[in-house]
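Inspection log for the structure reproduced underneath, given as structure tokens.
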């Protein structure tokens with residue numbers, strides 16, 4: 001059955017929530033700063049394996065107990081009024097077989113920028129979890145509001161007709177309004193198996209970005225099976241996505257497999273594969289491809305066996321724990337790979353007659369390291385990450401089958417034909433959370449009717465040639481972004497915090513230079529990660 005509109009998904013979920021719900025497993029979703037201290041706490045203290053993260057997350061009871069203890073460390077102890085306000089959820093009702101936790105979404109941010117002038121975000125709503133027994137949980141989030149974005153986000157919205165990281169919006173004069181419901185059901189019949197279904201996002205990876213599947217695009221309908229056996233974790237995902245380009249609004253379907261193996265106490269490797277195909281082709285409605293429903297076989301051999309034109313992406317990742325607090329991680333993604341073409345530059349030597357730069361070398365990689373107690377400073381978290389993706393990766397001859405959803409890439413927000421380096425420092429002292437983030441990116445943009453491989457919403461048939469392609473081809477553009485943010489936690493269960501800081505952003509090429517410094521301040525309990533750091 002194919003539903004139409006997000007409201008239908010939300011209505012269906014709300015009708016089922018009173019009947020379903022988790023007891024011993026609880027979903028965790030928090031802001032990026034709180035996530036550092038909550039979702040990674042089990043890894044920091046050696047209470048969990050090193051499996052790659054897959055969000056939304058279900059924590060076992062042992063990790064939930066530690067998470068709850070950490071939440072209590074944010075509670076005020078100096079007066080009864082502040083103590084009561086900072087302690088627990090807005091609505092928290094639990095019996096042996098039933099429970100509910102509901103918190104308000106409050107988000108009011110004011111900004112002033114040198115290029116954008118005065119801008120603001122005003123968001124409100126509710127989110128919560130409903131529990132039934134030990135096996136069921138229902139999570140929902142209903143948020144909406146009005147906002148005026150900073151300049152580079154406004155430019156993106158004008159070009160793509162979507163709010164980055166979220167989805168559709170309505171222009172109301174200088175302001176934009178939106179309504180953004182999401183939710184899912186989770187069932188855990190045992191500690192070895194979990195099934196989730198709903199309308200939300202999924203993130204697979206250990207990094208700030210993911211080259212496999214990220215939360216960069218809008219929500220989508222999905223079914224996810226998560227199996228834990230021995231040292232293995234196996235995730236199967238089936239998703240219904242959208243191509244919303246003008247004149248091409250239609251369904252697109254996707255399936256994802258991720259197999260994670262802890263081959264040693266400190267070392268984990270993973271294999272990833274995906275297929276994206278259009279819900280309708282020239283012959284009409286195609287629907288779900290039954291050849292892809294088998295959850296245990298690789299898609300690429302199936303593609304060849306059925307002579308399929310669908311878009312396949314393969315990947316490999318690893319995570320290695322160094323000492324007690326540090327994690328080295330990486331991803332390798334292969335959209336297409338021909339070894340004789342990929343290594344031609346090395347084998348050809350000085351032979352100038354050999355054609356190099358084959359367009360079909362569509363690969364990318366990520367490498368990073370993150371950890372805690374940097375320089376032996378307690379609660380100082382760090383992360384440094386490098387992402388590199390060749391031109392035309394994630395693209396397809398048929399744009400409807402690209403690796404995208406709702407006019408945004410499913411992986412990195414830059415699409416392809418880029419390199420990016422980022423460094424993040426976060427520090428907690430009592431109820432204070434402080435973050436400094438620096439991003440450098442170098443990418444090649446299209447300047448004419450020719451595609452240089454950065455925009456995954458252009459067919460690779462629009463390329464300039466079979467050979468002569470290289471990294472950062474097109475308009476060579478550089479981005480420098482610095483951000484400092486300080487937050488004071490008022491209630492960690494709500495994720496309610498005072499926040500303030502500044503962002504400096506400079507983008508320059510031979511044809512343009514855009515720079516802006518803006519300051520922001522406000523109050524927020526919105527767990528949605530900001531998607532303006534591109």
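Any read-out appearing in this document is the output of simple, stated calculations on the displayed coordinates, not a laboratory observation. Computed from a predicted structure; not experimentally measured. Here the Cβ positions follow ideal geometry from the backbone for every residue, glycine too, while neighbour counts run over all protein chains shown.
Of note:
- Ranked packing of 378-384, 247-253, most packed first, by mean Cβ within 10 Å: 378-384, 247-253
- Length gained when the stretch residue 160-residue 488 is fully extended (0.36 nm per residue, less Cα-Cα span): 114.6 nm
- At full extension, residue 471 and residue 223 could sit 85.7 nm farther apart than now, given 0.36 nm per residue minus the alpha carbon distance.
- Reported to the nearest whole Å, the Cα centre-to-centre distance from the stretch 231-274 to the stretch 94-158 is 25.
- Estimated FRET transfer efficiency (residue 250, residue 450; beta-carbon r; R0 35 Å; 0.05): 0.85
- Fewest-first ranking of 506, 235, using other Cβ atoms within 10 Å as the exposure measure: 506, 235
- What the Cα atoms of the stretch 78-207 give is an Rg and a Dmax of 19.1, 55 Å.
- With the convex hull drawn over the C-alpha atoms of the stretch 392-505, the volume per residue is 124 Å³.
- Judged by the mean number of other Cβ atoms found within 10 Å, the most tightly packed of the peptides 145-154, 390-399 leads the ranking 390-399, 145-154.
- Added length on full extension, which subtracts the Cα-Cα distance from 0.36 nm per residue, residue 90 to residue 261: 57.6 nm
- Taking one quarter of the surface of the C-alpha convex hull of the stretch 193-254 gives a mean projected area of 5.0 nm².
- Peptides 269-278, 467-476, 121-130 ordered by average Cβ neighbours within 10 Å, highest first: 269-278, 121-130, 467-476
- Shape metrics for the stretch 132-177, restricted to C-alpha atoms - Rg then Dmax, Å: 15.8, 49
- With R₀ set to 51 Å, the beta-carbon distance separating residue 115 from residue 320 gives a calculated FRET efficiency near 0.75.
- Backbone N under 19 Å from the residue 462 label point (7 Å along Cα→Cβ), restricted to the stretch 424-455: 443-455
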